[in-house]
Amino acid sequence: MLRVALTGGIATGKSDVLARLASRGVPTIDADALVHQALAAGSPAVARIAERFGPRVVAPDGSVDRRALGAVVFSDEPARRALEALLHPDVYRRIDEWFAGLPPVPFAVADVPLLFETGHESRFDRVIVTACSPATQLARVQARDGLSEEEARWRLQAQWPVEEKVRRADYVVDTSGACEETDRQVERLALELTRMGREK
(Lines give C-alpha, C1' and ligand atoms only; values in the text may rest on other atoms or scores of the structure.)
Protein backbone atom coordinates (compact mmCIF):
# COMPACT_ATOMS: atom_id res chain seq x y z
CA MET A 1 0.00 0.00 0.00
CA LEU A 2 1.18 3.49 -0.82
CA ARG A 3 1.12 5.84 2.14
CA VAL A 4 0.08 9.17 0.62
CA ALA A 5 0.03 12.57 2.35
CA LEU A 6 -2.22 15.40 1.23
CA THR A 7 -1.08 18.87 2.20
CA GLY A 8 -1.09 22.48 1.03
CA GLY A 9 -1.66 25.94 2.40
CA ILE A 10 -4.64 26.93 4.49
CA ALA A 11 -7.81 27.30 2.36
CA THR A 12 -6.26 25.75 -0.77
CA GLY A 13 -8.91 23.03 -0.97
CA LYS A 14 -7.39 20.12 0.97
CA SER A 15 -10.68 19.09 2.60
CA ASP A 16 -12.48 19.20 -0.74
CA VAL A 17 -9.85 17.03 -2.44
CA LEU A 18 -9.85 14.62 0.51
CA ALA A 19 -13.64 14.29 0.27
CA ARG A 20 -13.41 13.65 -3.47
CA LEU A 21 -10.87 10.88 -2.88
CA ALA A 22 -13.03 9.36 -0.14
CA SER A 23 -16.05 9.38 -2.47
CA ARG A 24 -14.03 7.12 -4.77
CA GLY A 25 -13.53 4.59 -1.99
CA VAL A 26 -10.04 5.70 -1.00
CA PRO A 27 -9.37 5.33 2.77
CA THR A 28 -8.70 8.79 4.22
CA ILE A 29 -7.87 10.37 7.56
CA ASP A 30 -7.75 14.05 8.49
CA ALA A 31 -5.06 15.26 10.89
CA ASP A 32 -7.18 18.31 11.66
CA ALA A 33 -9.92 16.02 12.96
CA LEU A 34 -7.36 14.36 15.22
CA VAL A 35 -6.31 17.80 16.49
CA HIS A 36 -9.97 18.67 17.16
CA GLN A 37 -10.24 15.51 19.26
CA ALA A 38 -7.08 16.47 21.14
CA LEU A 39 -8.56 19.90 21.91
CA ALA A 40 -11.90 18.54 23.14
CA ALA A 41 -13.00 18.70 26.77
CA GLY A 42 -11.48 15.92 28.84
CA SER A 43 -8.47 15.40 26.57
CA PRO A 44 -5.08 15.28 28.33
CA ALA A 45 -3.79 17.88 25.86
CA VAL A 46 -6.20 20.54 27.19
CA ALA A 47 -4.50 20.66 30.57
CA ARG A 48 -1.06 20.87 28.97
CA ILE A 49 -2.19 23.68 26.66
CA ALA A 50 -3.81 25.59 29.54
CA GLU A 51 -0.61 25.24 31.55
CA ARG A 52 1.48 26.61 28.67
CA PHE A 53 -0.83 29.33 27.33
CA GLY A 54 -3.02 30.21 30.32
CA PRO A 55 -6.70 29.70 31.20
CA ARG A 56 -7.84 32.29 28.64
CA VAL A 57 -7.53 29.69 25.87
CA VAL A 58 -9.94 27.27 27.56
CA ALA A 59 -13.65 27.62 26.75
CA PRO A 60 -16.38 27.37 29.43
CA ASP A 61 -17.17 23.80 28.34
CA GLY A 62 -13.59 22.70 29.09
CA SER A 63 -12.41 22.42 25.51
CA VAL A 64 -9.70 24.58 23.98
CA ASP A 65 -11.05 27.82 22.50
CA ARG A 66 -9.45 27.47 19.07
CA ARG A 67 -10.01 31.11 18.14
CA ALA A 68 -8.42 32.38 21.37
CA LEU A 69 -5.52 29.98 20.96
CA GLY A 70 -5.13 30.96 17.31
CA ALA A 71 -4.91 34.63 18.25
CA VAL A 72 -1.91 33.73 20.41
CA VAL A 73 -0.01 31.27 18.26
CA PHE A 74 -0.49 32.61 14.74
CA SER A 75 1.26 35.87 15.61
CA ASP A 76 4.00 34.33 17.79
CA GLU A 77 6.28 31.73 16.21
CA PRO A 78 7.78 30.40 19.49
CA ALA A 79 4.25 29.95 20.87
CA ARG A 80 3.21 28.14 17.70
CA ARG A 81 6.21 25.83 17.92
CA ALA A 82 5.35 25.07 21.54
CA LEU A 83 1.81 24.14 20.57
CA GLU A 84 3.04 21.91 17.75
CA ALA A 85 5.37 20.12 20.16
CA LEU A 86 2.39 19.40 22.41
CA LEU A 87 0.10 18.09 19.67
CA HIS A 88 2.01 16.66 16.73
CA PRO A 89 3.68 13.56 18.25
CA ASP A 90 0.28 12.14 19.21
CA VAL A 91 -1.26 13.06 15.84
CA TYR A 92 1.47 11.29 13.85
CA ARG A 93 1.32 8.26 16.14
CA ARG A 94 -2.41 7.95 15.50
CA ILE A 95 -1.92 8.33 11.73
CA ASP A 96 0.67 5.53 11.78
CA GLU A 97 -1.73 3.32 13.73
CA TRP A 98 -4.49 4.08 11.21
CA PHE A 99 -2.33 3.08 8.22
CA ALA A 100 -1.25 -0.10 10.01
CA GLY A 101 -4.86 -1.11 10.67
CA LEU A 102 -6.13 -0.76 7.09
CA PRO A 103 -7.08 -3.77 4.95
CA PRO A 104 -5.06 -4.32 1.74
CA VAL A 105 -5.71 -1.37 -0.59
CA PRO A 106 -3.61 0.23 -3.37
CA PHE A 107 -3.23 3.50 -1.46
CA ALA A 108 -4.60 5.52 1.44
CA VAL A 109 -4.40 9.25 2.13
CA ALA A 110 -3.71 11.28 5.26
CA ASP A 111 -4.54 15.00 5.13
CA VAL A 112 -1.66 16.65 7.04
CA PRO A 113 -1.77 20.47 6.73
CA LEU A 114 1.66 21.10 8.32
CA LEU A 115 3.47 18.16 6.76
CA PHE A 116 6.47 20.09 5.44
CA GLU A 117 6.58 22.53 8.35
CA THR A 118 6.94 19.61 10.79
CA GLY A 119 9.48 17.78 8.63
CA HIS A 120 7.50 14.53 8.36
CA GLU A 121 7.19 14.13 4.60
CA SER A 122 9.63 11.17 4.66
CA ARG A 123 6.97 9.11 6.49
CA PHE A 124 4.99 8.95 3.23
CA ASP A 125 5.56 7.37 -0.18
CA ARG A 126 3.96 10.23 -2.13
CA VAL A 127 2.86 13.79 -1.35
CA ILE A 128 -0.05 15.62 -2.98
CA VAL A 129 -0.21 19.41 -2.64
CA THR A 130 -3.35 21.49 -3.22
CA ALA A 131 -2.67 24.98 -4.57
CA CYS A 132 -4.37 28.19 -5.66
CA SER A 133 -3.24 31.78 -6.14
CA PRO A 134 -2.20 33.77 -3.03
CA ALA A 135 -5.05 36.26 -3.61
CA THR A 136 -7.61 33.44 -3.81
CA GLN A 137 -6.14 31.84 -0.71
CA LEU A 138 -6.34 35.09 1.30
CA ALA A 139 -9.93 35.70 0.24
CA ARG A 140 -10.93 32.14 1.13
CA VAL A 141 -9.36 32.36 4.59
CA GLN A 142 -11.17 35.60 5.36
CA ALA A 143 -14.52 34.32 4.08
CA ARG A 144 -14.27 30.88 5.67
CA ASP A 145 -13.08 31.88 9.13
CA GLY A 146 -14.55 35.37 9.42
CA LEU A 147 -11.12 36.91 9.91
CA SER A 148 -9.81 40.38 9.22
CA GLU A 149 -7.21 40.69 6.47
CA GLU A 150 -4.49 41.10 9.13
CA GLU A 151 -5.60 37.95 10.99
CA ALA A 152 -5.78 36.02 7.74
CA ARG A 153 -2.28 37.12 6.77
CA TRP A 154 -0.94 35.97 10.16
CA ARG A 155 -2.33 32.52 9.48
CA LEU A 156 -0.88 32.41 5.99
CA GLN A 157 2.52 33.53 7.27
CA ALA A 158 2.48 30.76 9.87
CA GLN A 159 2.80 28.21 7.05
CA TRP A 160 5.27 27.73 4.25
CA PRO A 161 4.37 29.53 1.01
CA VAL A 162 2.26 27.36 -1.29
CA GLU A 163 4.89 27.81 -4.03
CA GLU A 164 7.48 26.03 -1.87
CA LYS A 165 5.10 23.18 -1.11
CA VAL A 166 4.33 22.83 -4.81
CA ARG A 167 8.05 22.60 -5.52
CA ARG A 168 8.39 19.67 -3.12
CA ALA A 169 5.22 17.84 -4.19
CA ASP A 170 4.97 14.61 -6.14
CA TYR A 171 1.54 15.71 -7.41
CA VAL A 172 -0.27 19.06 -7.46
CA VAL A 173 -4.02 19.65 -7.61
CA ASP A 174 -4.81 23.20 -8.72
CA THR A 175 -8.08 24.22 -7.06
CA SER A 176 -8.29 27.68 -8.64
CA GLY A 177 -10.76 26.68 -11.34
CA ALA A 178 -14.23 25.19 -11.52
CA CYS A 179 -15.23 22.21 -9.36
CA GLU A 180 -15.38 20.05 -12.48
CA GLU A 181 -11.73 20.75 -13.26
CA THR A 182 -10.67 19.85 -9.72
CA ASP A 183 -12.67 16.65 -10.01
CA ARG A 184 -10.93 15.72 -13.26
CA GLN A 185 -7.53 16.22 -11.63
CA VAL A 186 -8.51 14.08 -8.65
CA GLU A 187 -9.84 11.33 -10.92
CA ARG A 188 -6.56 11.21 -12.89
CA LEU A 189 -4.59 11.19 -9.65
CA ALA A 190 -6.66 8.39 -8.11
CA LEU A 191 -6.15 6.22 -11.18
CA GLU A 192 -2.39 6.85 -11.17
CA LEU A 193 -1.99 6.10 -7.45
CA THR A 194 -4.14 2.98 -7.75
CA ARG A 195 -1.91 1.71 -10.54
CA MET A 196 1.26 2.49 -8.58
CA GLY A 197 -0.08 0.90 -5.42
CA ARG A 198 -0.95 -2.31 -7.21
CA GLU A 199 2.51 -2.45 -8.79
CA LYS A 200 4.36 -1.78 -5.53
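The values are calculated or read from the model by the stated rules, or taken from the named source; none is laboratory data. The structure presented is a predicted model; accordingly, all values stated were derived computationally and were not measured. FYI the Cβ positions are ideal-geometry reconstructions off the backbone, even for glycines, and counts take in every protein chain you see.
Annotations
- From the list L114, L147, the lone residue that is touching a strand residue (DSSP E or B) at 6+ places or on another chain (Cβ under 8 Å) and buried (at least 16 other Cβ atoms within 10 Å of the Cβ) is L114.
- Residue match in region 101-111 (condition: surrounded by 17 or more Cβ atoms within 10 Å (Cβ to Cβ), modelled with pLDDT under 95 and either of a type in the set (G, A, S) or on the phi < 0 side of the Ramachandran plot (or both)): no
- Close pairs from region 35-64: first on the phi < 0 side of the Ramachandran plot, partner of a type outside the set (A, V, I, L, M, F, W, C) and part of a helix (DSSP H, G or I), Cβ under 7 Å, at least 6 apart: A38/D90; L39/R66; S43/Q37
- Residues that are part of a helix (DSSP H, G or I) and at pLDDT below 95 were ranked within region 112-139; the one that is nearest to the chain's Cα centre (by Cα) is Q137.
- Identification of helices (runs of 4 or more DSSP H) wholly contained in region 10-78 with 3 or more residues that are farther than 27 Å from P103 by Cα and of a type outside the set (F, W, Y) yields 44-53, 66-73.
- Scanning region 11-25 for residues that are in contact (Cβ under 8 Å) with a residue 40 or more places away in the chain and either surrounded by fewer than 20 Cβ atoms within 10 Å (Cβ to Cβ) or of a type in the set (S, T, N, Q) (or both) yields T12, S15, D16, R24.
- Being more than 14 Å from D32 (Cα to Cα) and of a type in the set (D, E, K, R) is a description that applies to E121.
- In region 29-77, the residues that are surrounded by fewer than 19 Cβ atoms within 10 Å (Cβ to Cβ) and acidic (D, E): D32, E51, D61, D65, D76, E77
- Residues satisfying the criterion are absent from region 157-165 (criterion: surrounded by 17 or more Cβ atoms within 10 Å (Cβ to Cβ), outside the structural domain of G8 (by TED's automatic domain parsing), touching a strand residue (DSSP E or B) at 6+ places or on another chain (Cβ under 7 Å) and under 20 Å from L193 (Cβ atoms)).
- Checked against (1) free of Cβ contacts under 8 Å to residues at least 12 places away in the same chain; (2) assigned by TED's automatic domain parsing to the domain that holds G9, A85 meets all criteria but (2).
- Boolean, A152 is out of contact with any Asp or Glu (no Cβ under 7 Å at 6 or more places or on another chain), within 15 Å of K14 (Cβ to Cβ) and small (G, A, S): no
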